[in-house]
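Reviewing the structure listed below.
The values are calculated or read from the model by the stated rules, or taken from the named source; none is laboratory data. Computed from a prediction, not measured in an experiment: that's the story for all the values here. In this analysis, Cβ positions are derived from the backbone assuming ideal geometry, glycine residues included, and neighbour counts consider all displayed protein chains. Note: accessible area is taken over every heavy atom of the protein model, side chains too, but ligands, DNA and RNA are not part of it. Shrake-Rupley method; radii C 1.70, N 1.55, O 1.52, S 1.80 Å.
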Amino acid sequence: MRVLHQLLQLRHMREFNVLIALILMGLLISLFTPYFLTVSNLMGVSRAFSLTAIMSIGMVMVIITGGIDLSVGSAMGLAGLITALCFDAGYSQYAAVAAGLGVGLAFGLTNGLLITAIGLPPFIATLGTLSIGRGLMYMITHGVPLTPQTPESFSVLGQGYVGPVPVPVVILLVLTVIFTIIMTRTRFGRHVYATGGNESAARLSGVKVQRVKLAVYVLSSTISALAGVIAFSRYLSAEPASGFGSELEVIAAAAIGGASLAGGIGSVLGAVIGAALIGEIANGVVLLNINTYAQQAITGGVILIAVSLDVLRNRMGGRG
Amino acid sequence: MKPFLEMISISKTFPGVKALDHVDLHLNSGEVHVLAGENGAGKSTLMKIMTGVLRADPGGEIRIEGEPVVIKNPVHARSLGISIIYQELAVVNNLTVSENVFLAREPLRPTGLIDRAKMNADTRAVLSELGVDIDPEAMVGTLSVGQRQLIEIARAISYKSKLIIMDEPTASLSHHEASTLLRMSRKLASQGVGIVFISHKLEEIFEIADRVTVLRDGRTVDTRPVSEMTSDLLVRLMVDRELDQLFGHHTSHATAEVLMSVRNLTEKRVKDEGVFVRDVDFDLHRGEVLGFFGLVGAGRTEVMEMIFGSRPHTGEISINGKPARISSPSDAIEHGLGFVTEDRQSRGLVLGMSVRENFSLTHLSDYCSLDFVNRRKETAACADYIRALGIKTPSPEQKVLNLSGGNQQKVVLAKWAARRPRILIVDEPTRGIDIGAKAEVHSLLGSMAEEGMSIIVVSSDLPEILAISDRVIVLKEGRISGELTRENATQESVMLAATG
Ligand SMILES: Nc1ncnc2c1ncn2[C@@H]1O[C@H](COP(=O)(O)OP(=O)(O)OP(=O)(O)O)[C@@H](O)[C@H]1O
Ligand SMILES: [Mg+2]
């Protein structure tokens with residue numbers, strides 16, 4: 001009884017809808033193919049979506065403050081590229097990774113200062129840095145991928161396993177736990193929600209909203225940079241187009257996971273499950289031999305259905 | 001006379017709350033019907049059902065001129081001749097006054113374009129009928145809360161409704177504006193319009209009502225003509241206590257020690273609109289309750305926003321004899337200030353958050369070790385304040401959005417009271433609060449002063465200012481126009497300073 005009761009309580013969680021969608025979609029795919037529900041396939045799927053999911057953790061925090069970060073793909077790509085350049089120049093792997101993450105930090109500071117100190121709308125500020133990052137990448141690579149020599153130990157980050165679980169997935173899980181705790185249990189997390197819920201009420205209550213915003217943009221870019229470093233470690237090649245267009249998938253993950261672009265609402269866990277759902281669909285499309293061009297359309301449909309359900313459910317709740 | 005509208009056995013249940021329990025209400029044409037009752041009694045909910053915003057539980061019935069109707073939505077209600085002025089402002093700030101009055105029914109020229117001239121002229125006509133001087137082409141965002149309220153009233157009047165519901169319309173109006181409104185309402189009633197008037201102000205109720213219905217805990221406790229009603233009876237029906245027990249005597253706790261002094265406080269103007277507040281000088285003593293009075297638009301709120309760092313200013317503020325540089329609310333809070341803002345929904349509360357989260361936002365670090373929030377401590381403290389202030393909510397986890405207006409106001413007070421600032425500025429602290437709770441707020445402010453906190457009270461409610469202040473400062477057109485000790489402060493002397 002107790003267990004049943006607790007399971008029923010889960011129904012009230014914001015992540016419930018998208019979790020159900022994830023499970024139903026999994027069952028649906030399994031109906032048509034026996035290859036979906038296997039450990040090796042699920043691990044492969046997880047590794048495939050882990051980068052989007054990691055980036056969505058940063059994105060959802062930005063979205064909860066009422067902002068948006070369009071530059072995550074550029075931060076990711078540029079971080080991978082700078083890491084590669086460092087290896088090329090003969091720096092140690094630690095220095096290379098630190099440089100990659102440093103790029104993310106710089107990216108985030110730029111975004112954050114444009115938004116807080118100058119007062120640019122987040123959409124414009126991050127659209128600008130998106131282009132700048134992308135341009136820099138082409139200038140540096142001249143369009144040619146960079147494949148430097150790297151030590152064996154570095155590739156663990158993107159290619160290794162802990163037991164059956166790929167390392168990127170382990171990193172994802174750790175980040176999910178850490179940021180869920182930050183967002184639900186700490187003062188910083190509370191301030192992030194308050195800033196997005198009603199910025200002027202938060203400011204008048206003593207929340208340093210500008211600092212909160214700066215922090216979430218720095219976190220978002222740095223987390224994306226980490227994704228970029230992992231991506232480079234996986235392919236050991238820094239592509240000039242790496243991360244291109246990924247912001248849309250990352251924003252979609254957050255939205256599917258229940259985040260409201262108006263701010264104040266959303267969760268890290270929801271965003272991660274949202275990314276998982278997108279990854280699952282991509283995998284299903286491949287396994288079922290559906291035209292891969294259809295994947296985008298299906299993902300779009302799922303976004304609309306998931307977010308509509310969420311909106312409708314909230315409206316019912318609100319009306320009693 | 002057959003009633004224009006009857007509500008029969010209306011109930012409404014929200015999760016965890018029975019807001020209305022078999023309520024009956026009969027409204028006649030041409031009468032002003034006052035709906036009274038404590039915060040959370042169900043007044044607004046009943047009106048939302050009447051205007052189709054909410055659907056009642058099955059079992060009740062609404063009849064208009066004897067015919068049963070199902071009111072589907074606000075547009076439908078309006079087509080049946082019912083319009084409402086909401087408790088919380090519902091104007092669009094980035095449109096002009098006349099665009100607001102004619103929103104969604106703009107007069108068109110044959111070409112299909114909006115007939116601006118007609119819209120402005122009609123708006124000017126309604127406003128002058130109301131006896132107020134507001135430019136139809138002004139942006140609503142630049143107007144005061146009181147002026148915005150008048151825009152809503154103008155809008156309802158211009159609908160030519162048969163029944164106008166006013167949910168605490170005078171809560172944010174000055175005395176002058178309020179009496180204009182009361183006069184307007186009586187005039188509309190004499191022309192055959194039915195008026196439902198919700199108010200927590202006793203004098204006003206007796207001034208305007210033909211009949212009074214009292215709700216308590218979602219039930220109708222009484223309906224009677226105002227001639228058979230007395231203040232004592234009304235208070236007893238509403239809060240089940242005697243009027244003279246409610247308000248205690250005033251004792252001053254003011255000391256000679258100056259806690260904060262303000263010199264040459266002058267607004268740094270970005271745009272040339274609104275009042276220009278300048279050269280404001282005053283001292284605030286430890287333990288003092290300092291009243292700030294002025295007509296709507298005199299600049300009281302602006303002064304407080306400057307002190308609190310949310311409005312650019314020049315001039316000196318010193319606290320405890322030391323100059324204090326305050327350029328943001330968080331600076332002000334670090335210097336020991338707190339600010340209960342007048343506009344609770346847009347500036348006081350994060351509506352989507354729970355009572356607990358709103359409550360603790362001002363002093364979250366009290367419940368934190370490292371950066372982690374101790375939720376048990378936080379909930380316990382919040383529960384204490386819910387009890388102390390009598391906040392009506394099923395639990396600390398209820399979203400503030402779902403509380404009644406007066407209970408939302410109490411949450412704003414609680415979140416600042418719990419922070420225990422050295423100086424607490426309260427701007428219209430009892431707006432929309434019922435009479436029992438008003439007495440509680442007054443005694444809360446009194447006991448904070450007794451503990452040595454200093455309090456600045458801004459209020460348009462002159463009797464309130466006179467009842468709780470140790471000293472009264474009067475503002476007029478952005479400058480201090482008078483300072484009165486408690487002994488010298490009377491209705492007449494304060495009004496004279498505010499207007500003369
Ligand atoms: N959407 C909602 N969800 C849950 N509870 C609600 C909702 N709306 C109102 N309530 C509850 O219903 C009760 C009646 O609320 P209502 O707003 O009608 O009170 P009121 O008489 O207008 O009070 P006030 O004088 O403070 O404005 C309150 O306890 C309130 O918390
Ligand atoms: Mg109400």
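Quick look at the numbers
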| item | result |
| --- | --- |
| Top-ranked residue of the stretch B:45-77 - restricted to ones that are open to solvent by less than 30 Å² (accessible area, probe 1.4 Å) and not in a loop (DSSP other than H, G, I, E, B), ranked as farthest from ligand 2 (Cβ to nearest atom) | B:I64 |
| Flag if B:L89 is outside any strand (DSSP E or B), at pLDDT below 90 and within 16 Å of ligand 1 (Cβ to nearest atom) | yes |
| Scan of the stretch B:368-399 for residues that are of a type outside the set (A, V, I, L, M, F, W, C), within 14 Å of chain A (Cβ to nearest Cβ) and out of contact with any Pro (no Cβ under 7 Å at 6 or more places or on another chain), ordered by number | B:S369, B:D371, B:N374, B:R375, B:R376, B:K377, B:E378, B:P394, B:S395, B:E397, B:Q398, B:K399 |
| Residue check, B:E31 acidic (D, E), open to solvent by less than 20 Å² (accessible area, probe 1.4 Å), more than 14 Å from chain A (Cβ to nearest Cβ) and more than 16 Å from ligand 1 (Cβ to nearest atom) | yes |
| Qualifying positions in the stretch B:47-73 - within 14 Å of chain A (Cβ to nearest Cβ) and within 16 Å of ligand 1 (Cβ to nearest atom) | B:K48, B:I49, B:G52, B:V53, B:L54, B:R55, B:A56, B:D57 |
| Selected residue (criterion: surrounded by the most Cβ atoms within 10 Å (Cβ to Cβ)) from residues of the stretch A:147-189 that are without any contact (Cβ under 8 Å) to a residue 24 or more places away in the chain, touching a helix residue (DSSP H, G or I) at 6+ places or on another chain (Cβ under 6 Å) and not β-branched (V, I, T) | A:G189 |
| Selection count, the stretch B:369-412, where residues are surrounded by 14 or more Cβ atoms within 10 Å (Cβ to Cβ) and outside any loop (DSSP other than H, G, I, E, B) | 24 |
| Check on A:A262, open to solvent by 10 Å² or more (accessible area, probe 1.4 Å), within 14 Å of another protein chain (Cβ to nearest Cβ) and at pLDDT below 90 | yes |
| Residue, modelled with the lowest pLDDT, within the stretch B:269-288, restricted to residues that are within 30 Å of B:S179 (Cβ to Cβ) and in contact with a Lys or Arg (Cβ under 8 Å, 6 or more places away or on another chain) | B:F276 |
| Members of the stretch B:414-445 found to be within 16 Å of ligand 1 (Cβ to nearest atom), more than 14 Å from chain A (Cβ to nearest Cβ) and within 20 Å of B:M304 (Cβ to Cβ), listed by number | B:E428, B:P429, B:T430, B:R431, B:G432, B:I433, B:V441 |
| For A:Y217: the one exception among (1) away from chain B (no Cβ under 14 Å); (2) open to solvent by 20 Å² or more (accessible area, probe 1.4 Å); (3) of a type in the set (S, T, Y) | (2) |
| Residues (among the aliphatic types (A, V, I, L, M), within 28 Å of the chain's Cα centre (by Cα) and surrounded by fewer than 16 Cβ atoms within 10 Å (Cβ to Cβ)) located in the stretch B:109-128 | B:A125 |
| Pairs, first away from chain A (no Cβ under 14 Å) in the stretch B:166-183, second open to solvent by 20 Å² or more (accessible area, probe 1.4 Å) and within 16 Å of ligand 2 (Cβ to nearest atom), C-beta under 6 Å, six or more apart | B:D167/B:S44; B:D167/B:Y86; B:D167/B:Q87; B:E168/B:Q87; B:A171/B:R431 |
| Contacts under 7 angstrom Cβ, first residue in the stretch B:80-101 being within 16 Å of ligand 2 (Cβ to nearest atom), partner among the hydroxyl-bearing types (S, T, Y), 6 or more apart | B:I84/B:T51; B:Q87/B:S44 |
| Single residue of the stretch B:156-168 satisfying the filter (touching a strand residue (DSSP E or B) at 6+ places or on another chain (Cβ under 8 Å) and assigned to a helix (DSSP H, G or I)) that is farthest from ligand 2 (Cβ to nearest atom) | B:I157 |
| Within the stretch B:335-367, considering residues that are over 28 Å from the mean Cα position of the chain (by Cα) and within 10 Å of chain A (Cβ to nearest Cβ), the one most open to solvent (accessible area, probe 1.4 Å) | B:S365 |
| Selected residue (only one of B:A90, B:A104, B:A156, B:A138 is assigned by TED's automatic domain parsing to the domain that holds B:S179 and crowded, with 17+ Cβ neighbours inside 10 Å) | B:A156 |
| Residue count for the stretch A:192-205, restricted to those that are within 8 Å of another protein chain (Cβ to nearest Cβ) and either crowded, with 24+ Cβ neighbours inside 10 Å or closer than 16 Å to A:I63 by Cβ (or both) | 8 |
| Matching entry among B:K415, B:K438 (being part of a helix (DSSP H, G or I), open to solvent by 20 Å² or more (accessible area, probe 1.4 Å) and under 30 Å from B:V17 (Cα atoms)) | B:K438 |
| Candidate set from the stretch B:1-28 (those that are more than 16 Å from ligand 1 (Cβ to nearest atom) and in a loop (DSSP other than H, G, I, E, B)); member that is nearest to the chain's Cα centre (by Cα) | B:N28 |
| Matching option when the condition is within 13 Å of ligand 1 (Cβ to nearest atom) and either outside any strand (DSSP E or B) or not assigned by TED's automatic domain parsing to the domain that holds B:L237 (or both), among B:A36, B:A41 | B:A41 |
| Output for the stretch B:186-215, where each listed residue is closer than 17 Å to B:L233 by Cβ and open to solvent by less than 40 Å² (accessible area, probe 1.4 Å) | B:S199, B:H200, B:L202, B:E204, B:I205, B:A209, B:V212, B:T213, B:V214, B:L215 |
| Subset tally (residues that are away from ligand 2 (no atom under 16 Å from the Cβ) and either touching a His at 6+ places or on another chain (Cβ under 7 Å) or within 14 Å of another protein chain (Cβ to nearest Cβ) (or both)) for the stretch B:19-28 | 1 |
| Failed item, numbered, when B:D470 is tested on (1) more than 15 Å from ligand 2 (Cβ to nearest atom); (2) within 14 Å of chain A (Cβ to nearest Cβ) | (2) |
| Qualifying residue in the stretch B:477-487 (condition: surrounded by fewer than 24 Cβ atoms within 10 Å (Cβ to Cβ), within 16 Å of ligand 2 (Cβ to nearest atom) and in the same structural domain as B:G291 (by TED's automatic domain parsing)) | no |
